[in-house]
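The block underneath contains the structure these notes are about, expressed in structure tokens.
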Amino acid sequence: MTLTLIVILTILGILCLLAEILLIPGIGLAGIAGTAATIGCAYIANQEYGFTTAFWIVLAELIVLVLLCAVLWNSSIRKKLSLNSKIDSQVNEQPKSISVGETGVATTRLNLFGKAKFEKYGYLEVKATAFIDQGSEIKVVSLENNTILVEKV
């Protein structure tokens, strides 16, 4: 019975640690369960068969874990589970042709930042010089570092 328990804890510990390393990011339940199973396995082996046996069991677990991680890391399974899409968009892309003096309407309340609609350019993110209520007419005061600075007309 003891040998069966050691084998079950070893397999459970390795599977939980593999799941933690390869599938679940961070320190979670699988990592804690895998570590507890490994420590429990070592404790039972030490109590029943002595320190030398427990040492070799833990060493074998570590070797198997490292080998399985290396094999699974380079396999097609990981590539299927991984997110491989590239993000090529940029934040706050403003049209280059907008100029100082153009007018628009605040579509959100401008609590320093918000959205405004300009006739030629559509909806753009703008920065206000002061708080401006939704629906107010605004005009472009300046363009700084890809930020459109507006004030109430």
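What lysines could a cross-link reach from Lys120, if we take a straight Cα to Cα line under 20 Å and drop same-chain neighbours fewer than 8 places away? Excluding near neighbours in sequence, the set is Lys96, Lys139, Lys152. Each helix, a run of at least 4 DSSP H residues, gives -39500 (n - 2.57); summed and divided by the residues of the chain, these come to -15500 deg cm²/dmol at 222 nm.
For segment 4-83, what does the alpha-carbon gyration tensor say about shape, rounded, prolate or oblate, given a ≥ b ≥ c as the root eigenvalues, a/c under 1.5 as rounded, and a/b over b/c as prolate? Since a/c reaches 1.5 and a/b is larger than b/c, the shape of segment 4-83 is classed as prolate. Note that the chain shows a convex hull volume over its alpha carbon atoms of 193 Å³ per residue. Apolar share of the accessible surface for segment 1-142: 66 percent from carbon plus sulfur atoms, 1.4 Å probe. Candidates Ser82, Ile32, Thr108 compared by Cα position along the dipole of segment 32-122: farthest toward the positive end lies Thr108, with charges placed on Cβ. Mind giving me the FRET efficiency for Lys117 and Glu144? R0 is 22 Å, r the Cβ-Cβ distance, nearest 0.05 is fine. In this case the efficiency is close to 0.60.
Backbone amide hydrogens, once placed in the peptide plane, bring Thr107 within less than 5 Å of Lys115, Ala116, Lys117, Gly135, excluding anything fewer than 5 places away on its chain.
Built from the Cα atoms of segment 69-153, the convex hull projects on average onto 8.5 nm², one quarter of its surface area. Once backbone amide H atoms are built at 1.01 Å from N, Glu102 has Val140 as its partners under 5 Å, excluding neighbours fewer than 5 places away on the same chain.
Per residue, how large is the accessible surface of segment 1-99? Use a 1.4 angstrom probe and give square angstrom. Before the final figure, lay out each step's value.
Details: 7260 Å² over 99 residues.
About 73 Å² of surface per residue is accessible.
Computed 3J(HN,Hα) for segment 108-117, one whole-Hz value per residue from the Karplus formula 6.51 cos²θ - 1.76 cosθ + 1.60 where θ = phi - 60°, is 10, 5, 8, 8, 6, 10, x, 10, 9, 10, glycine and proline marked x.
The values are calculated or read from the model by the stated rules, or taken from the named source; none is laboratory data. All of these numbers come straight from a predicted model, not from anything done at the bench. Positions of Cβ are generated from backbone atoms using ideal geometry, with glycine treated the same way; all protein chains shown enter the neighbour counts. Please note that ligands, DNA and RNA were not included when accessible areas were found on the heavy atoms of the full protein model with its side chains. Shrake-Rupley method; radii C 1.70, N 1.55, O 1.52, S 1.80 Å.
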